[in-house]
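Colleague: Let me give you the structure first, and then I'll get to my questions.
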Amino acid sequence: MDLSRYRLERDDFKRMEKLAQQTKLGKSEIARRLITIGLKHVQKAGDLLKA
């Protein structure tokens, strides 16, 4: 399985930085919220393999 497509790219970090500035939330809080949002879309283990 090729996991390279799941790597965070420089643009992803730039987007997180921009969100941090716009929302006044810390980068770690933004990361936590993004993970939580993503987890809500996973109903079963197979959903992770569809990404």
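Nothing in this text is a laboratory measurement; each read-out follows from the coordinates by a stated rule. Remember, it's a predicted structure, so these values are computed and weren't measured experimentally. Note that each Cβ is placed from the backbone with ideal geometry, even for glycine, and that neighbours are counted across all protein chains shown.
Colleague: Quick one: what pairs do we get from the range 1-22, first residue closer than 22 Å to Leu48 by Cβ, second part of a loop (DSSP other than H, G, I, E, B), C-beta under 8 Å, 6+ apart or different chains?
Modeller: Correct list of pairs: Tyr6/Ala51.
Colleague: Only residues in the range 36-51 that are closer than 18 Å to Arg7 by Cα count as the first member; pair them with residues that are part of a helix (DSSP H, G or I), Cβ under 8 angstrom, at least 6 apart or cross-chain, and list the lot.
Modeller: Pairs found: Ala51/Tyr6.
Colleague: With Asp11, Asp2 as the choices, which residue is part of a loop (DSSP other than H, G, I, E, B) and either charged (D, E, K, R) or surrounded by fewer than 10 Cβ atoms within 10 Å (Cβ to Cβ) (or both)? Show your work before the answer.
Modeller: Numbers: Asp11 fails: part of a loop (DSSP other than H, G, I, E, B).
Answer to the check: Asp2.
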